[in-house]
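Every number in this text was worked out from the coordinates using simple rules, so none of it is lab data. Keep in mind that what you see is a predicted model, and the values were worked out from it rather than measured. All Cβ positions, glycine included, derive from the backbone under ideal geometry; neighbour counts span all protein chains shown.
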Amino acid sequence: MKRSRRSYILPVLVVTALTASGCGTRLTHAEVVRVNGGALATAASGQDGSGGAAGLTGGTSGQLGESQTGGTSGTLSQSGSGGAGGSQVTSGGSSTAPGQAPAQAGGTSGGAGGGTTGLASGIPIVIGNAGSYTGLGTSGLDTAKQALQAWAADLNAHGGLKGHPIKLVIKDDGSDASKARAQVQEMVEKDHVIALVANLGYTSSADAWQGYLEQKRVPAIGGNGVAKGWSSSPVFFSQAGSADTMYYGTVVVGAKFGAGKNFGSIVCSEDAACTNASDAWNSKGYAKKVGLNPKYSAEVSLAQPDYTGECLQAKSAGVQILAVLLDPATTKRLMASCAQQGYKPQYLLTYSEEAIDTVNYAPDILSAQTQLPFTGLNTASYNAFLRVWNKYTNKPPTPYAVTAWASAKIFERAAMDAKELTPAGIIDALYKYRGERFGGYTIPMSYGPHGTTSAKCTFYLRGLNGKWTAPLADKPVCW
């Protein structure tokens, strides 16, 4: 078995942005601001990465903000003027400190807490989001941020949580773990967040603020799933199975639905998630354990101009099913390189490699999805997500959008079940869940003082002849 290696270190699996495409009816800027309880604000970057301009364009679209830049925090007012880059604040009114339950206020309420619709009018529930939205290889993560914004805007438009509007405080650490730690502390001590939700960023960032959240007993709900806290910390609550479950689930999908048994893998050298996957599939014997025959493995750089050499080596080794763990853009480049050499294996992906158009680059793709598949199915849960996503964005959905949505739904459920809307109340509610699927967005999840545990399951997505389908819909593959 041949294995090449390059010495790049990067603490997160990188992702890339998708090409936007218009769909659905969207709110105007004024309507989006209104349903967010005041000002929906961003310190968004332009195409060149410079900060300043508002992510919500006035008057013509309800599109949520794009990427962000580093720097000090700033809040845009309702008129659209703003501060410096580095944070994004979705305003909803005054906030309360952790441990202080917001008081009920008068006005029309409903939404998740009642039967009528209308704008939430209670004291806001403040939620934080710690992400890596700028820096090397982070351009695709903005769809997670936008899904979280869309969830909050839609919930606020329908009465909020128990009559309280959601206020989001979103921080971009610029791929800097030391900044991430300081930003999380600011959100807890200055903004008084009761939870961090959908924290998709660098693994090193989550590692940096894990200890602080444990000290303050503030929950983090949803994230990249790779940092150690997601499976071991008493205040981390993952929306997906552990990294090891993802690695094993990927080859389970390959063995169960694949057309051949000769297995190969090509992964990035920049991130521990990639190299750990390769070790699991090959050195630890996961591929062989599920009935596949490992024939070839390689680590490649995301910066390579092409992947002709690796494609030819995999072809020569007789690889029929090729597992790939790269970012979406590089995955498509690799597929193009292999096709140019007349090599068209059945590809096996994890959820982080796909874009809507990836299906156009290879005739046959199998994918293990850590949350509900991001496309290709028609279920009540998925359609509920898609309705809100299309209302507030002009992009096709992505795996990271569903990741954030699932994370938000876990928080929403915990907030509804909590005896008090405080960090402690949210944690207590989460600890009671055993084998919970949160409306079908997750595999069965359980939480407790020793961290997140999950059923040994994954979702299954298929790309065949230019079309994505979810053959099992929202039913997981379990082992």
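Before moving on, here are some points about what is shown:
- FRET efficiency, residue 378 to residue 446 (Cβ-Cβ, R0 30 Å, nearest 0.05): 0.55
- Estimated translational diffusion coefficient (Stokes-Einstein, Kirkwood radius over Cα pairs, 37 °C, 0.692 mPa s) of the stretch 380-461: 236 µm² per second.
- Residues whose amide H falls under 5 Å from that of residue 197, counting only those 5 or more places apart or on a different chain, are 128, 129, 130, 221, with hydrogens built in the peptide plane.
- Kirkwood Rh, Cα atoms: Rg over Rh of the stretch 384-428: 1.13
- By the count of neighbouring beta-carbon atoms within 10 Å, fewest first, 387, 181 end up ordered 387, 181.
- Working from label points 7 Å from Cα in the Cα-to-Cβ sense, the residue 478 to residue 289 distance is 1.8 nm.
- Distant-in-sequence amide contacts of residue 369, defined by a placed amide H-H separation under 5 Å and a gap of 5 or more residues or a different chain, comprise 459, 460, 461.
- Cα pair distances in the stretch 168-322, grouped into 5 Å bins until the bin that holds the longest one, percent each: 2, 9, 16, 16, 14, 11, 10, 9, 7, 4, 1, 0
- Links that overshoot a 25 Å alpha carbon limit, given the list 432/475; 284/467; 284/456; 162/432; 295/475; 256/409: 284/467; 295/475; 256/409
- Two-site FRET efficiency, residue 420 against residue 279, from Cβ-Cβ distance with R₀ of 41 Å, rounded to 0.05: 0.40
- For the listed peptides 159-171, 389-401, a ranking on the average number of other beta carbons within 10 Å per residue, highest first, reads 159-171, 389-401.
- Rough spin-label spacing in nm, given labels placed 7 Å along Cα→Cβ, for residue 228 and residue 259: 4.3
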